[in-house]
Amino acid sequence: MATRIHGGLRTPLWDAARITQHIAKGAIYQTLDETAREELASIDDLNAKVVVALTDPKPLDICMPVLDAVLAAQYYEVLEALRPPRELAVYEPCVGASCPVIRAVEAYSGGKGSHLTINLNRKLREQLQRKIAPIAMPIRIIEDNAQTALRHLSPGSFDVACFHHAVNDILQTAVSEPRGMDTTAVDWFPNERQMIEWLAEDAVAGRLEQRGKPELMQIIGDAVRLVRPGGYLVLDHFNWCRFIGVDWFPWDLFYNLIPMTRQWIAEGDLPLTEIPLEGADPQWWLALQVGRT
Ligand SMILES: C[S@@+](CC[C@H](N)C(=O)[O-])C[C@H]1O[C@@H](n2cnc3c(N)ncnc32)[C@H](O)[C@@H]1O
């Protein structure tokens, strides 16, 4: 498989000095509100913290405002490499309260793009609405299960679908709802350990084929229909070093979420072609073009 020649980049993704530039004064900086800009400006040796934020698995001494901005810059460079239209429409299931993809779309499109999410948890949705209030670009939040995407949205109406750290979210929801947890209403993070423990239990028992995989593959299959031919799906996951050796945390499963999803997609015979992105580790990132080669 030939490595994609990057449209606007011409060099591998995520050079630390270039990412620092994006977040300190460039395209991502332009999408930040005044508080986030001041926070980044007050950080000593930003480039060193960018290097840490780009490391996988994520080290212990990470600076969260830098990580948030770096994730946005990573997605921004992925878009620059894939080169969808500047006025792009992006679908992001399971956004929670997280902004990296939204900021990347805003930066790549100069505010002329749009973003749509389908998301279940209401408290995270409220947090997201507060965070995105200053962003002028159209952003729509549908409160539903992403498994119902085709009831709300037309096939071929998006240029890119982004699953930012969303594979685990979908699997966790799939194993937790049948056990009686209302994931639409709970405080997500205090309940996440329980969700992950149930997911680990099902993985060890070999039950993901029945619960987890069908939900994830339906959401991915629907995303393939929602994205126009020639458009892209981008998935990422990252892990925290602090979970290595933690007894309740299924490290092997989480370490392999992207490779496992790549394999499930290949078995599912979806019309997708993997696009290798130079500089992106296939352990943590997967980019696919809609259409067969
Ligand atoms: C912790 S947030 C994660 C946000 C983002 N993906 C990230 O990692 O930065 C998880 C979100 O995914 C949502 N979610 C999980 N499964 C979902 C599904 N099947 N349909 C819609 N939303 C889902 C949850 O409701 C929650 O709002």
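The values are calculated or read from the model by the stated rules, or taken from the named source; none is laboratory data. Not measured: the values here are computed from a predicted model. No Cβ is skipped: glycine too gets one built from the backbone with ideal geometry, and neighbour counts run over all protein chains shown.
Each residue in region 69-106 was checked for being within 11 Å of the ligand (Cβ to nearest atom) and either among the charged types (D, E, K, R) or part of a loop (DSSP other than H, G, I, E, B) (or both), and 8 of them qualify.
Taking the listed residues Asp61, Asp68, Asp56, the one that is charged (D, E, K, R) and free of Cβ contacts under 8 Å to residues at least 24 places away in the same chain is Asp61, with no other qualifying.
Filtered by the rule that a residue be touching a residue at least 40 places away in the same chain (Cβ under 8 Å) and on the phi > 0 side of the Ramachandran plot, region 158-185 gives a lone residue, His165.
Can you find, within region 146-167, the residue that is nearest to the ligand (Cβ to nearest atom) among those that are part of a helix (DSSP H, G or I) and surrounded by fewer than 21 Cβ atoms within 10 Å (Cβ to Cβ)?
The selected residue is Gln147.
For region 242-293, the tally of residues that are among the aliphatic types (A, V, I, L, M), closer than 18 Å to Tyr75 by Cβ and assigned to a helix (DSSP H, G or I) stands at 2. Take the residues in region 107-124 that are crowded, with 18+ Cβ neighbours inside 10 Å and in a helix (DSSP H, G or I); name whichever of them is farthest from the ligand (Cβ to nearest atom). Per the stated criteria, the residue is Ser109. Per this entry, Arg37 is counted among residues that are part of a helix (DSSP H, G or I), within 19 Å of Ala24 (Cβ to Cβ), more than 14 Å from the ligand (Cβ to nearest atom) and out of contact with any Asp or Glu (no Cβ under 7 Å at 6 or more places or on another chain).
In region 225-273, of all residues being closer than 22 Å to Pro100 by Cβ and among the charged types (D, E, K, R), the one that is modelled with the lowest pLDDT corresponds to Arg242. Kindly indicate whether Leu216 is within 16 Å of the ligand (Cβ to nearest atom), touching a residue at least 24 places away in the same chain (Cβ under 8 Å), assigned to a helix (DSSP H, G or I) and hydrophobic (A, V, I, L, M, F, W, C). So Leu216 passes the test.
Of the set (1) away from the ligand (no atom under 15 Å from the Cβ); (2) in contact with a Pro (Cβ under 9 Å, 6 or more places away or on another chain); (3) closer than 15 Å to Gln21 by Cα, all apply to Val51 but (2). For residues in region 25-51 being touching a Phe, Trp or Tyr at 6+ places or on another chain (Cβ under 7 Å) and in contact (Cβ under 8 Å) with a residue 24 or more places away in the chain, which is nearest to Pro134 (Cα to Cα)? It comes out as Ile28.
Within region 186-209, the residues that satisfy the criterion of being within 16 Å of the ligand (Cβ to nearest atom) and free of Cβ contacts under 8 Å to residues at least 40 places away in the same chain are Phe189, Pro190, Asn191, Glu192, Gln194, Met195, Trp198, Asp202, Leu208.
To keep it simple, each residue is scored yes or no on (1) within 27 Å of Glu215 (Cα to Cα); (2) at pLDDT 95 or above.
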site	(1), (2)
Leu79	yes, yes
Leu88	yes, yes
Ile102	yes, yes
Tyr108	no, yes
Gly113	no, yes
Leu120	yes, yes
Lys131	no, no
Glu143	yes, yes
Ser154	yes, yes
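Scanning region 134-145 for residues that are of a type in the set (Asp, Glu) and near the ligand (Cβ under 8 Å from one of its atoms) yields one hit, Asp144.
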